[in-house]
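Read through the structure below, which is laid out as structure tokens, and then see the notes.
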Amino acid sequence: MSDWLTVRRGREPLIVCFPHAGLEIPKEIERRLASPWLARKDTDWWVHRLYNFAFELGATIIQTSLSRVVIDLNRDPSGAPLYPGQAGTDLCPLTCFDGEDLYLPHAAPCADEIATRRVHYFNPYHAAVSDEIARLRRLHPRVVMYDAHAIRSRVPRLFSGALPHLNIGSNNGTTCDPALTAAIESVCQTSAFDSVTNGRFKGGWATRHYGKPSCGVHAVQMEIAFRAYLDEPNVPTPENWPVPYAASRAEKLRTTLSKVLMACLAFAAQETTESAHA
């Protein structure tokens with residue numbers, strides 16, 4: 001669709017989104033950053049490679065090549081916090097997850113620049129998501145929007161201790177049918193990975209915005225702790241982070257994620273079967 005936004009259309013009732021896997025930063029922004037490495041430290045590293053089987057399952061893939069430092073596509077465009085009272089980042093992040101300043105002194109984006117980035121990047125991305133949901137809803141009674149993420153296992157500023165391997169978010173059950181959550185939980189609970197539902201991460205803005213079960217749109221977020229598929233260092237530095245992607249290291253998790261996406265498809269197909277028998 002553009003040089004930074006890719007949509008691969010499938011015909012099955014599943015959309016898999018990757019809003020935070022990109023690395024590109026426009027030069028006029030990057031020259032004002034404190035450190036190119038720091039700006040990319042919180043990337044959802046290699047998460048799109050974890051799920052590179054999804055298109056073969058018939059899913060629609062929506063992916064941006066932009067770094068989240070340009071604009072966070074999973075934050076409320078009004079600037080309202082996702083988790084009031086807890087540490088987080090902004091629509092156009094000024095700090096990384098650890099609280100370090102991303103911009104040089106006096107170089108952070110002003111309100112007008114943030115509004116411009118929203119028009120140029122946030123709006124087109126979400127127009128693409130909305131369009132694909134509408135297209136698939138014309139084909140299927142149910143559609144699942146699956147927001148794919150990954151994060152460091154330990155980020156003391158954001159949460160205490162180590163995050164579970166697999167973190168399922170449905171905003172406390174409001175963004176999808178309980179049957180979909182249960183199907184994903186069943187896969188996770190019988191895997192080699194520990195999991196939690198609506199723990200520290202309950203689903204970001206996209207999950208909350210698009211998840212409308214009464215309208216046939218069921219949204220869920222999966223936040224993966226990096227140690228589930230990477231040899232994650234205790235403290236990331238420019239010398240040890242990011243860790244290169246290793247297919248053999250990730251294969252066990254990919255097997256579980258494949259079952260998760262197939263559970264999403266089975267959930268959507270169940271509605272199709274029910275409708276055919278109605």
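The values are calculated or read from the model by the stated rules, or taken from the named source; none is laboratory data. The model shown is predicted, which means the values in this text are computed figures rather than measured ones. Note that we place each Cβ from the backbone using ideal geometry, even for glycine, and neighbour counts take in every protein chain shown.
Structure summary
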{"quantity": "Residue count, region 123-160 (criterion: touching a Lys or Arg at 6+ places or on another chain (Cβ under 9 Å) and in a helix (DSSP H, G or I))", "calculated": "3"}
{"quantity": "Residue list for region 100-121, filter: surrounded by 12 or more Cβ atoms within 10 Å (Cβ to Cβ) and either on the phi > 0 side of the Ramachandran plot or of a type in the set (Val, Ile, Thr) (or both)", "calculated": "ILE114, THR116"}
{"quantity": "Residues of region 1-37 that turn out to be of a type in the set (A, V, I, L, M), at pLDDT 95 or above and within 20 Å of the chain's Cα centre (by Cα), as a count", "calculated": "8"}
{"quantity": "Residue that is surrounded by the fewest Cβ atoms within 10 Å (Cβ to Cβ), among those in region 55-74 that are in contact with a strand residue (DSSP E or B) (Cβ under 9 Å, 6 or more places away or on another chain) and more than 16 Å from HIS20 (Cβ to Cβ)", "calculated": "GLY58"}
{"quantity": "Near pairs, Cβ below 7 angstrom, 6+ apart or cross-chain, from region 1-28 (without any contact (Cβ under 8 Å) to a residue 60 or more places away in the chain and over 15 Å from PRO124 (Cα atoms)) to any residue that is assigned to a loop (DSSP other than H, G, I, E, B) and aromatic (Phe, Trp, Tyr)", "calculated": "GLU24/TRP4"}
{"quantity": "Test set (1) closer than 25 Å to ASP3 by Cα; (2) modelled with pLDDT of 95 or more; (3) not aromatic (Phe, Trp, Tyr) - ASP90 fails condition number", "calculated": "(2)"}
{"quantity": "Filter result (under 18 Å from ALA127 (Cβ atoms) and either under 17 Å from the mean Cα position of the chain (by Cα) or among the aliphatic types (A, V, I, L, M) (or both)) within region 212-243", "calculated": "VAL217, ALA219"}
{"quantity": "Count - residues of region 80-99 that are crowded, with 16+ Cβ neighbours inside 10 Å and not acidic (Asp, Glu)", "calculated": "9"}
{"quantity": "Conditions (1) touching a Pro at 6+ places or on another chain (Cβ under 8 Å); (2) in a loop (DSSP other than H, G, I, E, B); (3) surrounded by fewer than 22 Cβ atoms within 10 Å (Cβ to Cβ): number failed by PRO77", "calculated": "(1)"}
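This table checks each residue for (1) in a loop (DSSP other than H, G, I, E, B); (2) small (Gly, Ala, Ser); (3) surrounded by 15 or more Cβ atoms within 10 Å (Cβ to Cβ).
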position	(1), (2), (3)
CYS17	no, no, yes
GLY22	yes, yes, yes
ILE29	no, no, yes
ASP42	yes, no, yes
TRP45	yes, no, yes
